[in-house]
1. Would you please name the residue that is surrounded by the fewest Cβ atoms within 10 Å (Cβ to Cβ), looking only at residues in the stretch 317-337 that are in a helix (DSSP H, G or I) and in contact (Cβ under 8 Å) with a residue 12 or more places away in the chain?
2. Can you tell me which condition Lys248 does not meet? The list is (1) of a type in the set (D, E, K, R); (2) closer than 15 Å to Leu214 by Cα; (3) buried (at least 16 other Cβ atoms within 10 Å of the Cβ), and all the others hold.
3. List the residue pairs whose Cβ atoms are under 7 Å apart, where the first residue sits in the stretch 22-36 and is farther than 11 Å from Gly353 by Cα, the second is acidic (Asp, Glu) and in a strand (DSSP E or B), and the two are 6 or more positions apart or on different chains.
4. Tell me, yes or no, whether the stretch 259-272 has at least one residue that is outside any loop (DSSP other than H, G, I, E, B), within 19 Å of Glu104 (Cα to Cα), under 15 Å from the mean Cα position of the chain (by Cα) and at pLDDT 95 or above.
5. Of the conditions (1) farther than 30 Å from Thr67 by Cβ; (2) part of a helix (DSSP H, G or I), Met283 satisfies every one except a single condition; which number is it?
6. Go through Ala105, Ala124, Ala140, Ala162 for me and flag whichever is surrounded by 15 or more Cβ atoms within 10 Å (Cβ to Cβ), in contact with a strand residue (DSSP E or B) (Cβ under 8 Å, 6 or more places away or on another chain), of a type outside the set (Phe, Trp, Tyr) and in a helix (DSSP H, G or I).
7. Can you go through Phe98, Phe130 and tell me which one is in contact with a Leu (Cβ under 9 Å, 6 or more places away or on another chain), farther than 18 Å from Asn278 by Cα and surrounded by 22 or more Cβ atoms within 10 Å (Cβ to Cβ)?
8. Going through Met387, Met367 one at a time, which residue ends up being touching a helix residue (DSSP H, G or I) at 6+ places or on another chain (Cβ under 6 Å), at pLDDT 95 or above and more than 25 Å from Pro187 (Cα to Cα)?
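The values are calculated or read from the model by the stated rules, or taken from the named source; none is laboratory data. Since we're looking at a predicted model, the values are computed, not measured. Neighbour counts are summed over all protein chains in view; Cβ atoms, including those assigned to glycine, are modelled from backbone coordinates with ideal geometry.
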Amino acid sequence: MSNAAYCFDALMDITARPKTVFVRGEGSWLWDDTGKRYLDFIQGWAVNCLGHSPPSVAEAIATQAKTLITASPAYFNAASLELATALVENSAFDQVFFANSGAEANEGAIKLARKYGALYKNGAFEIITFEGGFHGRTLATMSASGKKAFEPLFEPKVKGFAKARLNDIASVRELISKNTVAVMLEPIQGEAGVWPTTDQFLRELRELTQAHGLLLIFDEIQTGMGRTGKLFHYEHTGITPDIMTLGKGIGGGAPLAALLATEEAACFEHGDQGGTFNGNSLMCAAGLAVLEQVSKPEFLRSVVDSGHLLERELQRLSTRHGLGEVRGRGLLLALDLKLPIGPALVAQALDKGLLLNSPQPDALRFMPALNVSREEIAQMIDQIDVMLTKAGAARRVA
């Protein structure tokens, strides 16, 4: 089908999209319906952790589809048991609930914390979250988020989410009350512009929550599955949260997410949580293929090496063009542009066959495949260098 034959109005208009229509992907590359090729440093917002259509994931899905796609959440299936066991063995958690999206996993984490409060903390239900945080687009996860654009939407919000300031332990302490049951945060705030927590802040947060008998929830939808050079970000800190959520990269492009909890925190009773497609065999087979590759020590070392290379090259760009800091960890990085030129750079890059993301007008965010090559990093850097050079010349003329 040619571009002209598509009815773009058939899809709800929920975001600004260019009229580019992608039809094929392989590794770090996408092709549109005209045959034009694009170097992808977004990868579905850190979803395609092994790149587009990785053979291991495609083969796992194809094989599983011929055997069993889904039975029913009322029964066990082999793929979900195997993936849950592998996640438990590779983490500090004891139990797993599978979901279809990161928002659904975070919604489950909120419900689990409130259940814990009902059972063990005299009905405490409030969860401290953070300014700038992003946890999804359900009513509860939007309420938990600290995104300014969400504040006027879909009122009334779900109550019970007080907002602290990132890396400010005093602001958390001030919000704790008898109704507080948990603290929930992203180790790196992605949508806000890639703002990392410090390891020291997370350690202080763990001490504070333990002192008050509160649950600590890590939203690792974006940082999990090797993105920061460890399988899970919490491993950088030497602490363990009580609850962790995964999404995006866990399916390698397939819609899969997970809610993990320690035995003490896993207090759902029958009927509290469920979902028709949760833990279906097809998606769990994809997750197994991803975890098998991403959990290998040599693979994680390569992520660290690629992250260091990308960080150095971005810092070089910053110095050359008089830009700001490079933020983040591993292969989740941002370049501070100092000026609101991000959207313009994204549009120029698309025209040149490069996919970039500007989560805030003054920043570019980089979320390449975890197996991105040195050559692909160099090509992306060269293209941004050219665009920034032209942008600088244009400003000087103006």
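1. Among those residues, the one meeting the criterion is Arg320.
2. All conditions pass for Lys248, except number (2).
3. Matching pairs, first to second residue: Phe22/Asp32; Val23/Asp32; Ser28/Asp40.
4. Checked the stretch 259-272: at least one residue is outside any loop (DSSP other than H, G, I, E, B), within 19 Å of Glu104 (Cα to Cα), under 15 Å from the mean Cα position of the chain (by Cα) and at pLDDT 95 or above.
5. Every listed condition holds for Met283 apart from (1).
6. Ala105
7. Result of the check over Phe98, Phe130: Phe130.
8. Among Met387, Met367, only Met387 is touching a helix residue (DSSP H, G or I) at 6+ places or on another chain (Cβ under 6 Å), at pLDDT 95 or above and more than 25 Å from Pro187 (Cα to Cα).
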